[in-house]
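The values are calculated or read from the model by the stated rules, or taken from the named source; none is laboratory data. As the structure is a prediction and not an experimental result, all values here were calculated from the model. Here the Cβ positions follow ideal geometry from the backbone for every residue, glycine too, while neighbour counts run over all protein chains shown. When the accessible area is computed, the model is the full protein with side chains, heavy atoms only, and any ligands, DNA or RNA have been set aside. Shrake-Rupley method; radii C 1.70, N 1.55, O 1.52, S 1.80 Å.
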Amino acid sequence: PGLWQTTDGGKQWHKVSLSGDAVALAVSGGEAYVSMGKPDGGFATAKLYKSVVGSGAWTLVRGVAPQNNLTAFGHSAWVGVAPDLWTTANSGKTWTKLTFSCPQGVLSPSEVAASSPSDIAIACSDQGYPQPGMSIKEVFTSLNGGKTFREQGQPSEAGQVFQLAMVPGNREMLTLEAASGATFLDRPVKEIGRAHV
């Protein structure tokens, strides 16, 4: 659960002294972000810290709740879980809360994935419904960094959502990982185009 850092290409590592357990880490554009949570308090207690890569110094980002979700691309980053999802486009200097919420009845958002500073995706699911080991899932994509989203499709119900990934520079290559006894990878076959804000 600890956070370790190197400033010499991996020859030496030292433990970073931040309170809590490291639950998520993202690095891009010369900035590193880490979500640190308390083991007994769950993801809701997590705090966001940021560092200039190579500096070794970490500062608390106030007013942003990262939970277990961090994604960065270039100088942009997304942290939190919808409807408490935050973004920055200037290496963490200022943050804006996005308005996205998962549809009613699809309660658990997963990680946000990014293929560029403007192309992102988020998955919503009802973990354990219609039965344990399954989940209803919906994937949404944005072409403007998260200001608006469109429904991308509904992956199969097999498994519960664990990861969402996009290929840098290719917003069409979107992969959702779900698992329950077996691991499943879902990719969209075409864009559906229903708007959702």
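Worth a mention:
- Of all the residues in region 38-79, those that are farther than 18 Å from Met166 by Cα, assigned to a strand (DSSP E or B) and either open to solvent by 50 Å² or more (accessible area, probe 1.4 Å) or in contact with a Phe, Trp or Tyr (Cβ under 6 Å, 6 or more places away or on another chain) (or both) number 7.
- The strands (runs of 3 or more DSSP E) found wholly in region 87-182 and carrying at least 3 residues that are hydroxyl-bearing (Ser, Thr, Tyr) and either out of contact with any helix residue (DSSP H, G or I) (no Cβ under 6 Å at 6 or more places or on another chain) or buried (at least 19 other Cβ atoms within 10 Å of the Cβ) (or both) occupy 135-142.
- Residues (out of contact with any Lys or Arg (no Cβ under 7 Å at 6 or more places or on another chain), open to solvent by less than 90 Å² (accessible area, probe 1.4 Å) and not polar (S, T, N, Q)) located in region 6-26: Asp8, Gly9, Gly10, His14, Val16, Leu18, Asp21, Ala22, Val23, Ala24, Ala26
- Failed criterion for Thr96 (all others in (1) modelled with pLDDT under 90; (2) of a type outside the set (A, V, I, L, M, F, W, C); (3) within 25 Å of Thr148 (Cα to Cα); (4) touching a Ser or Thr at 6+ places or on another chain (Cβ under 6 Å) hold): (1)
Residue-by-condition table, conditions (1) under 22 Å from Trp58 (Cα atoms); (2) touching a His at 6+ places or on another chain (Cβ under 8 Å):
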| position | (1), (2) |
| --- | --- |
| Leu70 | yes, no |
| Asp84 | no, no |
| Ser91 | yes, yes |
| Thr99 | no, no |
| Pro103 | no, yes |
| Ser116 | no, no |
| Asp119 | no, no |
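- Residues that are in a strand (DSSP E or B) and in contact (Cβ under 8 Å) with a residue 60 or more places away in the chain within region 1-37 comprise just one, Glu31.
- Evaluation of Ser118 against (1) more than 19 Å from Gly29 (Cα to Cα); (2) free of Cβ contacts under 8 Å to residues at least 60 places away in the same chain (one fails), failing number: (1)
- Ala44 vs. criteria small (Gly, Ala, Ser) and under 16 Å from Leu85 (Cα atoms): yes
- Residue match in region 160-168 (condition: at pLDDT 85 or above and more than 20 Å from Leu85 (Cβ to Cβ)): yes
- Pairing each residue of region 134-145 that is over 15 Å from Pro103 (Cβ atoms) with any residue that is among the β-branched types (Val, Ile, Thr), provided the two are 6+ apart or on different chains, yields C-beta distances under 6 Å for Ser142/Ile120.
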